[in-house]
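Reviewing the structure listed below.
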Amino acid sequence: MASSASFVRKRLARLGRRLGGGLLDVLYPPRCLSCNARTPEGDPLCAACLAGLERVRPEAVRRRLAERPEAEDVFDGALALWRFDPDGALRAFQHALKYRNRPRYGVAAGQWLGQALGDTLPHGGASVAAVAPVPLHRARRLERGYNQSTMLARGVARRLDTPCRPDLLVRTRATRSQTHLARRARWKNVAGAFDAAHAPPTDGPLLLVDDVLTTGATATAAAQALRRAGAARVQLATLALAG
C-alpha cells in the first residue's frame with residue numbers, strides 16, 4: 001500500500017511539473033539556453049550557438065570506442081555530433097533536458113542528430129530498420145518522468161522517417177551514475193545490465209541512440225544485448241562526445 005501511495009505521489013508531482021512547465025512557456029517564451037536569445041521555434045539553442053559548437057570527426061569516435069575492448073566487433077558504425085563542452089551550451093542543454101523537465105528539447109536535438117545522420121548514412125538513413133534508445137531503469141525513469149535518450153531517439157526517427165522502438169531494450173537492474181567512476185569501474189557497473197525485451201527487426205541496421213558518449217561502456221553493454229537478441233548490425237549515434 002505504501003509503495004502504491006508513493007507511486008501516485010510521484011505521478012502527481014510529475015504531472016504538476018509538466019503543467020507548470022507549459023504555463024511558464026506561455027508566460028516566458030523559450031530562449032536559447034546559452035545566450036538567452038529568443039528561439040522562435042522553441043528550440044533549446046539558437047542558430048548562432050548551434051553554429052559555434054565543435055563538430056566531432058568520425059575518427060575521434062572510432063578511437064574512443066577502440067579504447068573499450070568490450071566494444072570490438074559490436075558496432076558497425078558510430079557518430080557523435082558535437083564535442084561536449086563542460087561549461088558551455090551543451091552542458092546547459094543537457095542539464096535542462098535531464099533535470100528541468102524539458103523532454104521536447106530532446107526531440108528537437110534528436111532532429112539535429114537525425115539531420116547529421118541523414119547526411120552521412122547510406123541512402124540518407126532510409127536503410128535503418130529502427131531507432132532504439134539506451135533505456136533507463138524503471139525507477140530512474142519514474143523519478144525523472146521520461147528517458148532523455150528516448151526523446152532524442154524520437155527526434156532522430158522522425159527525421160529519418162523510421163520507427164522508434166523504445167520497447168526493444170530494458171535495463172534489468174539499477175546502476176550507479178557513471179559520472180565519477182573510473183574506466184574499469186564503468187564497465188563493471190553496466191556489464192549485463194541490459195536485455196532485449198523483443199526480437200529486434202532484421203531488415204536493416206539498428207540505430208542505438210544516447211545523449212553523451214564518454215568511455216562507451218553504457219552504449220557497448222546495450223549494443224551487446226541487441227546482438228545477443230539477433231541484431232545483425234548495430235550503429236551508434238550520440239549527441240555529444242565527452243572529453
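Scanning segment 194-220 for residues that are more than 17 Å from the chain's Cα centre (by Cα) and in contact (Cβ under 8 Å) with a residue 40 or more places away in the chain yields Pro200, Pro201, Thr202, Asp203, Gly204, Pro205.
Does Arg91 meet the test of being at pLDDT 95 or above, in a helix (DSSP H, G or I) and either closer than 27 Å to Leu117 by Cβ or small (Gly, Ala, Ser) (or both)? In short, no. Flag: Gly216 does not match the condition of being buried (at least 22 other Cβ atoms within 10 Å of the Cβ), among the small types (Gly, Ala, Ser) and touching a Gly at 6+ places or on another chain (Cβ under 6 Å). All of Thr162, Thr150 fail the test of being buried (at least 22 other Cβ atoms within 10 Å of the Cβ), of a type in the set (Ser, Thr, Tyr) and touching a strand residue (DSSP E or B) at 6+ places or on another chain (Cβ under 9 Å), apart from Thr150.
In segment 53-88, the residue that is surrounded by the most Cβ atoms within 10 Å (Cβ to Cβ) out of those that are of a type in the set (D, E, K, R), more than 18 Å from the chain's Cα centre (by Cα) and not in a loop (DSSP other than H, G, I, E, B) is Glu70. Here Asp203 fulfils each of the conditions (1) in a loop (DSSP other than H, G, I, E, B); (2) among the charged types (D, E, K, R); (3) modelled with pLDDT of 95 or more apart from (3). For segment 124-171, the set of residues classified as closer than 21 Å to Pro44 by Cα, without any contact (Cβ under 8 Å) to a residue 60 or more places away in the chain and part of a loop (DSSP other than H, G, I, E, B) consists of Tyr146, Asn147, listed by residue number. Take the conditions under 26 Å from Pro86 (Cα atoms), part of a loop (DSSP other than H, G, I, E, B) and without any contact (Cβ under 8 Å) to a residue 40 or more places away in the chain and apply them to Thr179. Does it pass? Yes: the conditions hold for Thr179. Just to verify a result, which residue in segment 95-139, among those that are buried (at least 18 other Cβ atoms within 10 Å of the Cβ) and aromatic (Phe, Trp, Tyr), is nearest to Pro205 (Cα to Cα)? It comes out as Trp112.
The values are calculated or read from the model by the stated rules, or taken from the named source; none is laboratory data. Small disclaimer: the values here were computed from a predicted structure and weren't measured. Cβ: placed from backbone, ideal geometry, glycine included. Neighbour counts: every protein chain shown.
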